[in-house]
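Following: one structure in structure tokens, then a few remarks.
The values are calculated or read from the model by the stated rules, or taken from the named source; none is laboratory data. What you see is a predicted model, and the numbers here were worked out from it, not measured in a lab. Quick reminder, even Gly has a Cβ in these numbers, built from the backbone with ideal geometry, and neighbours come from all protein chains shown.
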Amino acid sequence: MPLKEVAKFSVSQLQVLDEHGQLDEKLDPRLSAADAVRLYEAMALGREVDQRLVRLQRQGRMGTCPTCTGHEAAVCAPALAMTERDWFVGYYREIGARLMRGDSLAQSLRYWHGYEEGNLQPQPGRTLPVTAIVGAQVLHAVGIAYAMKYRRETDSAVVTFFGDGATSQGDVHEAMNFAAVWQVPVVFICVNNQWAISQPREQQTRSETIAQKAIAYGFEGLQVDGNDPLGMYLATDRALRRAREGGGPTLIEALTYRLLMHTTADDPRRYRSDAEVERWWKRDPVPRMRRYLEGRALWGEAQQQALQERMRQQLDAAVAEAELREDWRPDLLFDHVFGAPDPELEAQRQTFLAALPAATAVDAHGA
Ligand SMILES: Cc1ncc(C[n+]2csc(CCOP(=O)(O)OP(=O)(O)O)c2C)c(N)n1
Ligand SMILES: [Mg+2]
């Protein structure tokens, strides 16, 4: 008996600026000169911070931290498309975008050095703190989007970021399903960097794309060249407009690559080939954006030199500020686990303090 076709789907990929710097004129989002430069500078700063973090960690001046190198277009372009009224609900690999949102660099450095206090950021809300619980933030994003709809806030939407590995978490499926059922204003950005620590994308899901997962829930899923800042901007801008207008969620799969280690505690040479990494360095989003600016006569060697110097000064000042913490006790983290003192935890605190060598106790205070 012939079967009747009841549904048919396809998944598209968006690219506006290719790896050779070729621009698709029809899709050009026509960023203003100021926005184009702002985006490039944010991407460059994200890259610079990443390099400094790794160096500081190697010198014993930083805790274990993740790297964002390669992700700059996937996270900074969406931040450019957002307004202050939109909510940024990220995970742990968006430093350049978080700085665009107004986060303090010194506080971020403190956070990655293991001080929960680093989560205290200057701006009034709408950018959630870093979270390391894979996928959990996606539920928070949908909860916030539900609140936006309930309050009839039509000038705001939520953008949430998560990795390819996070798509195997039940939380992410539940969040997407309810977002669709409730038609809430949320943009899901899956930063598919092809790896979840040492787990390759092929072992994460049998789906050909991550974008197609949206189809099952009943909203649009789109794959975007995640190393293309203009493509990421265009996709996020469209999805945000739709969300604010009551059109419900969108899933953007940002196809990119983590060029460095998962965190400073990881050695990717143990599970992936140099050839693969080399291939992706050729698609590096930062020089791609620079070439685009040069093509519009907005950038040149003099601007680059000046930017390098500004970034160096900004980082030096932030590191100096972050390392000023004489009054911070090494057992501070025990203070924040429960609201009220807990005898079990107090016993653990005492064990921890007793195990600290005297010299470490002094160093840990930043002396
Ligand atoms: C619920 C949960 N399970 C496991 C981990 C350990 N873990 C930390 S990062 C990570 C991989 C996440 O990969 P992906 O979602 O692709 O994000 P990426 O780090 O590649 O950006 C895992 C398994 C965790 N932090 N939280
Ligand atoms: Mg990943």
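Do the conditions hold for ALA73, that is, is it more than 16 Å from ligand 1 (Cβ to nearest atom), in the same structural domain as THR160 (by TED's automatic domain parsing) and either part of a loop (DSSP other than H, G, I, E, B) or small (Gly, Ala, Ser) (or both)? Criteria not met by ALA73. For segment 159-176, the set of residues classified as over 14 Å from the mean Cα position of the chain (by Cα), away from ligand 2 (no atom under 16 Å from the Cβ) and closer than 24 Å to ALA77 by Cβ consists of ALA175, MET176, listed by residue number. Restricting attention to segment 248-302, the residues being free of Cβ contacts under 8 Å to residues at least 12 places away in the same chain and either basic (Lys, Arg) or not in a helix (DSSP H, G or I) (or both) number 6. Might you let me know whether segment 119-135 holds any residue that is part of a helix (DSSP H, G or I) and in the same structural domain as ILE252 (by TED's automatic domain parsing)? For segment 119-135, residues part of a helix (DSSP H, G or I) and in the same structural domain as ILE252 (by TED's automatic domain parsing): present.
For TYR115, the test of being touching a residue at least 12 places away in the same chain (Cβ under 8 Å), over 30 Å from ASP335 (Cα atoms) and among the aromatic types (Phe, Trp, Tyr) is failed.
Which residue, of ALA211, ALA239, ALA216, is buried (at least 17 other Cβ atoms within 10 Å of the Cβ), under 24 Å from VAL134 (Cα atoms), more than 16 Å from ligand 2 (Cβ to nearest atom) and small (Gly, Ala, Ser)?
ALA239
Once segment 180-208 is narrowed to residues that are more than 19 Å from the chain's Cα centre (by Cα), hydrophobic (A, V, I, L, M, F, W, C) and surrounded by fewer than 24 Cβ atoms within 10 Å (Cβ to Cβ), the residue that is nearest to ligand 2 (Cβ to nearest atom) is ALA180. Does SER104 meet the test of being buried (at least 18 other Cβ atoms within 10 Å of the Cβ) and either closer than 24 Å to MET261 by Cα or among the polar types (S, T, N, Q) (or both)? Taking the combined requirement at face value, the residue satisfies it.
Pairs are defined by a Cβ separation below 6 Å, a sequence spacing of at least 6 or placement on different chains, a first member in segment 18-39 that is not assigned by TED's automatic domain parsing to the domain that holds ASP284, and a second member that is of a type outside the set (A, V, I, L, M) and surrounded by 15 or more Cβ atoms within 10 Å (Cβ to Cβ); no pair meets this definition.
Summed over segment 170-192, the residues that are in a helix (DSSP H, G or I) and within 16 Å of ligand 1 (Cβ to nearest atom) give a count of 7. Taken over segment 135-158, residues that are crowded, with 24+ Cβ neighbours inside 10 Å and either within 13 Å of the chain's Cα centre (by Cα) or farther than 28 Å from ALA73 by Cβ (or both) amount to 2.
Scan segment 269-287 residue by residue and report those that are more than 14 Å from THR69 (Cα to Cα) and surrounded by 11 or more Cβ atoms within 10 Å (Cβ to Cβ). Of everything in segment 269-287, those that are more than 14 Å from THR69 (Cα to Cα) and surrounded by 11 or more Cβ atoms within 10 Å (Cβ to Cβ) turn out to be TYR271, ARG272, GLU276, ARG279.
Against the definition (over 20 Å from ALA254 (Cβ atoms), at pLDDT 95 or above and within 16 Å of ligand 2 (Cβ to nearest atom)), how does ILE144 come out, yes or no?
Details: over 20 Å from ALA254 (Cβ atoms): yes; at pLDDT 95 or above: yes; within 16 Å of ligand 2 (Cβ to nearest atom): no.
In short, no.
Is it true that ARG238 is of a type in the set (Lys, Arg), under 29 Å from LEU31 (Cα atoms) and more than 15 Å from the chain's Cα centre (by Cα)? Can you show your working first?
On the way: of a type in the set (Lys, Arg): yes; under 29 Å from LEU31 (Cα atoms): yes; more than 15 Å from the chain's Cα centre (by Cα): yes.
Considered against the rule, which asks whether it is of a type in the set (Lys, Arg), under 29 Å from LEU31 (Cα atoms) and more than 15 Å from the chain's Cα centre (by Cα), ARG238 comes out as yes.
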